[in-house]
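Right, one structure below, let's go through it.
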């Protein structure tokens, strides 16, 4: 099956700092999503981004499908950004099946 | 209600009990999913339903039995579970042809 690797696995930031999270995948995809999992377990949709660049407030994401990676940028981080960030992909011809990466655990400190 | 809801939010059960998890989506989607998230592990897909038909059973033990009576509701029936089945169970939904998935808040299951 498709492999999804996220880096870094853990990240600690001071409030106000910027960061970049990376997602590498091993096969062609027709769906890529970024999620934020809060401390209560809820998965919050950040981006649906099989290709290109999108921005939403302090967050932006870029997927370069031909090179099989995606980046999530967080600017001016806040303590509420803490949690786990997951990348999930659907392989081309994958029949709606999302494969999740292992996540990046982010902690933003005052 | 909007989005995807799940009940109960927390469940503690013994190994001989039978219980059911419920998921309901209010997004007009026609595909629904069950995922399992064990501690320190990524989400694992369990079942996929598309147009109320099961299209994927990801090698899940038969003690987990899904049911999708219509495009808005999904159940996961549990019986004779093991302690290693303790996990967060998440439901999601999407359009069948554009697979942007939206998740419910999850049911945190503890098997004693």
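Figures for the structure shown
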| quantity | calculated |
| --- | --- |
| Complete set of residues in the range A:21-50 that are more than 14 Å from every other protein chain (Cβ to nearest Cβ) and touching a helix residue (DSSP H, G or I) at 6+ places or on another chain (Cβ under 8 Å) | A:28 |
| So residue A:71, is it farther than 22 Å from residue B:96 by Cβ and surrounded by 16 or more Cβ atoms within 10 Å (Cβ to Cβ) | yes |
| Residue satisfying condition, being more than 13 Å from every other protein chain (Cβ to nearest Cβ), in contact (Cβ under 8 Å) with a residue 40 or more places away in the chain and under 23 Å from residue A:94 (Cβ atoms), within set B:43, B:76, B:112, B:27 | B:76 |
| Residue A:1 touching a residue at least 40 places away in the same chain (Cβ under 8 Å), part of a loop (DSSP other than H, G, I, E, B) and out of contact with any strand residue (DSSP E or B) (no Cβ under 6 Å at 6 or more places or on another chain) | yes |
| Tally, over the range A:36-73, of residues that are in a strand (DSSP E or B) and without any contact (Cβ under 8 Å) to a residue 60 or more places away in the chain | 23 |
| Residue selected from the range B:73-93 under the condition surrounded by 17 or more Cβ atoms within 10 Å (Cβ to Cβ) and within 14 Å of residue B:62 (Cα to Cα), by the criterion nearest to the chain's Cα centre (by Cα) | B:76 |
| Filter result for residue B:66 (in contact (Cβ under 8 Å) with a residue 12 or more places away in the chain and at the interface with chain A (Cβ under 10 Å from one of its Cβ atoms)) | no |
| Residue within the range A:13-20 that is over 27 Å from residue B:97 (Cβ atoms), assigned to a strand (DSSP E or B), more than 14 Å from the chain's Cα centre (by Cα) and more than 12 Å from chain B (Cβ to nearest Cβ) present | yes |
| Some residue of the range B:92-103 being more than 10 Å from chain A (Cβ to nearest Cβ) and more than 28 Å from residue A:3 (Cβ to Cβ) | no |
| Single residue of the range A:98-108 satisfying the filter (facing chain B (nearest Cβ under 10 Å) and either buried (at least 20 other Cβ atoms within 10 Å of the Cβ) or modelled with pLDDT under 90 (or both)) that is nearest to residue B:93 (Cα to Cα) | A:98 |
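The values are calculated or read from the model by the stated rules, or taken from the named source; none is laboratory data. Quick caveat: nothing in here was measured; it's all calculated off a predicted structure. Here Cβ is always computed from backbone atoms with ideal geometry, including for glycine, and neighbour counts include all displayed protein chains.
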